[in-house]
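The values are calculated or read from the model by the stated rules, or taken from the named source; none is laboratory data. Just so you know, these numbers come straight off a predicted model, no measurement behind them. A quick note on method: Cβ atoms are made from the backbone with ideal geometry, for glycine too, and the neighbour counts reach across all protein chains shown.
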Amino acid sequence: MNIKKTTEGWEYQGMIFISKKDAEQAKKNDQEGIGVGLTKSQFEKGKQRVNMWVDIDVLDEIKKRADNQGLGYQTLLNKSLRDTFLSEKTARVVDLKISEFKKVIRDALRSA
């Protein structure tokens, strides 16, 4: 797939990039199997960008707790998810419905 100039910016695989350089990097990453939305260092660290909708009250609480702990809210959220899904007592594969996922996040916030 080629990079195309659009009125919004530069497009590659349905994603819009502000600069052609960013679009070219996305194409290179895709060809190397890294992933379109990742930098090479993020891929090597095992990071993946996730876009999701979160209830406002939940996000406010995450940000408040993160600030109290001197952390970024995304760091706290990742830690809470890691502790919930990858700790020894919960080391198992879990398939969640949306409602179950929200409950897990709320429970994680209560215990954080």
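Here is how the numbers come out for the structure above:
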item: Extreme residue, nearest to the chain's Cα centre (by Cα), among residues of region 33-60 that are modelled with pLDDT of 75 or more and either more than 20 Å from K102 (Cα to Cα) or not in a loop (DSSP other than H, G, I, E, B) (or both); result: L59
item: Residues within region 61-78 that are over 15 Å from A108 (Cβ atoms) and within 18 Å of the chain's Cα centre (by Cα), tallied; result: 1
item: Scan of region 11-22 for residues that are over 18 Å from N51 (Cβ atoms) and at pLDDT below 80, ordered by number; result: S19
item: Residues located in region 74-112, provided they are charged (D, E, K, R) and modelled with pLDDT under 65; result: E88, K89, R92, D95, K97
item: Residues (of a type in the set (A, V, I, L, M), touching a strand residue (DSSP E or B) at 6+ places or on another chain (Cβ under 8 Å) and surrounded by 12 or more Cβ atoms within 10 Å (Cβ to Cβ)) located in region 1-23; result: I3, I16, A23
